[in-house]
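The values are calculated or read from the model by the stated rules, or taken from the named source; none is laboratory data. Everything numeric here is computed off the predicted structure, so don't read it as measured data. All Cβ positions, even for glycine, are placed from backbone atoms using ideal geometry, and neighbour counts span all protein chains on display.
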C-alpha cells in the first residue's frame with residue numbers, strides 16, 4: 001500500500017527528463033520493490049533505519065517509510081542513494097540549480113555505483129566528446145565545505161574513478177568521491 005505522505009520538496013533530478021524517467025520507472029514498481037532496490041544503496045543498518053522516498057510524476061518525493069536515523073534513501077537519475085540531512089539539502093540545491101549549496105557538510109552512500117555524469121558540466125544529461133564523462137562504481141561522497149577542506153585529492157577533469165577524486169572541481173558543488181569496492 002502506497003503512503004500519501006509527501007516530503008517537502010527534495011527533488012534530486014538534474015533535468016525534467018531525468019525526473020520523468022525516474023518517476024516513470026518507479027510508478028511501475030511497488031513500494032516493496034523500491035525498498036528492495038534501495039537495499040543495495042548503503043549498509044543494511046543504514047537502509048533499515050532510513051526514510052524511504054519515491055519520486056512521483058510531478059517530481060515531488062513521496063515518503064514510503066519514515067526513518068529514524070537521519071538518512072533518506074531514494075532512487076535518483078544517477079542510481080540508488082542514501083544521504084544524510086545535510087547531503088539532502090545539498091542535493092536539493094543542486095536539483096534546483098541554486099548558485100551555491102548550503103554551507104553544511106554531508107554524506108552520501110551510493111554503494112550500487114552510478115550511471116555516470118560529466119565532471120565538468122553540472123547539468124549534462126549524457127556523455128559528449130568534450131564533457132569528461134565519468135562513471136564511478138560503488139562509492140561514498142562527502143559534500144559541502146568539509147569536502148573542500150580536504151587537500152590532496154586529484155582535481156582532474158578526467159579522474160581515475162577507482163581512486164578518490166574531486167568531482168566538479170572549482171565549482172560550488174565540488175565534492176569528494178571515494179570508491180569503496
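Results, tabulated for the structure shown:
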| quantity | calculated |
| --- | --- |
| Which listed residue is buried (at least 16 other Cβ atoms within 10 Å of the Cβ), touching a residue at least 24 places away in the same chain (Cβ under 8 Å), farther than 23 Å from residue 73 by Cα and in contact with a strand residue (DSSP E or B) (Cβ under 8 Å, 6 or more places away or on another chain), from 179, 101, 159 | 159 |
| Residues of the stretch 162-176 satisfying the condition of being farther than 25 Å from residue 97 by Cβ and surrounded by 13 or more Cβ atoms within 10 Å (Cβ to Cβ) | 164 |
| The stretch 133-155 - residue that is outside any loop (DSSP other than H, G, I, E, B) and more than 13 Å from the chain's Cα centre (by Cα) and, of those, surrounded by the fewest Cβ atoms within 10 Å (Cβ to Cβ) | 145 |
| Filtered residues of the stretch 108-132 (kept if within 13 Å of residue 174 (Cα to Cα) and touching a helix residue (DSSP H, G or I) at 6+ places or on another chain (Cβ under 8 Å)) | 122 |
| The stretch 83-98, residues that are more than 25 Å from residue 49 (Cβ to Cβ) and either in contact with a helix residue (DSSP H, G or I) (Cβ under 9 Å, 6 or more places away or on another chain) or assigned to a strand (DSSP E or B) (or both) | 98 |
| Residues located in the stretch 67-78, provided they are in contact with a strand residue (DSSP E or B) (Cβ under 6 Å, 6 or more places away or on another chain) and buried (at least 18 other Cβ atoms within 10 Å of the Cβ) | 67, 71, 72, 73, 74 |
| Residue 88 crowded, with 21+ Cβ neighbours inside 10 Å, farther than 18 Å from residue 138 by Cβ and without any contact (Cβ under 8 Å) to a residue 60 or more places away in the chain | no |
| Any hit, the stretch 68-78, residues being touching a helix residue (DSSP H, G or I) at 6+ places or on another chain (Cβ under 6 Å), at pLDDT 95 or above and over 22 Å from residue 139 (Cβ atoms) | yes |
| Residue satisfying all of: in the stretch 65-82; under 18 Å from the mean Cα position of the chain (by Cα) and part of a strand (DSSP E or B); farthest from residue 115 (Cα to Cα) among these | 71 |
| Filter result for residue 35 (at pLDDT below 95, farther than 17 Å from residue 175 by Cβ and touching a strand residue (DSSP E or B) at 6+ places or on another chain (Cβ under 6 Å)) | yes |
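Every residue, every condition in (1) surrounded by 18 or more Cβ atoms within 10 Å (Cβ to Cβ); (2) at pLDDT 90 or above, yes or no:
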| residue | (1), (2) |
| --- | --- |
| 17 | no, no |
| 28 | no, no |
| 41 | yes, yes |
| 50 | yes, yes |
| 55 | yes, no |
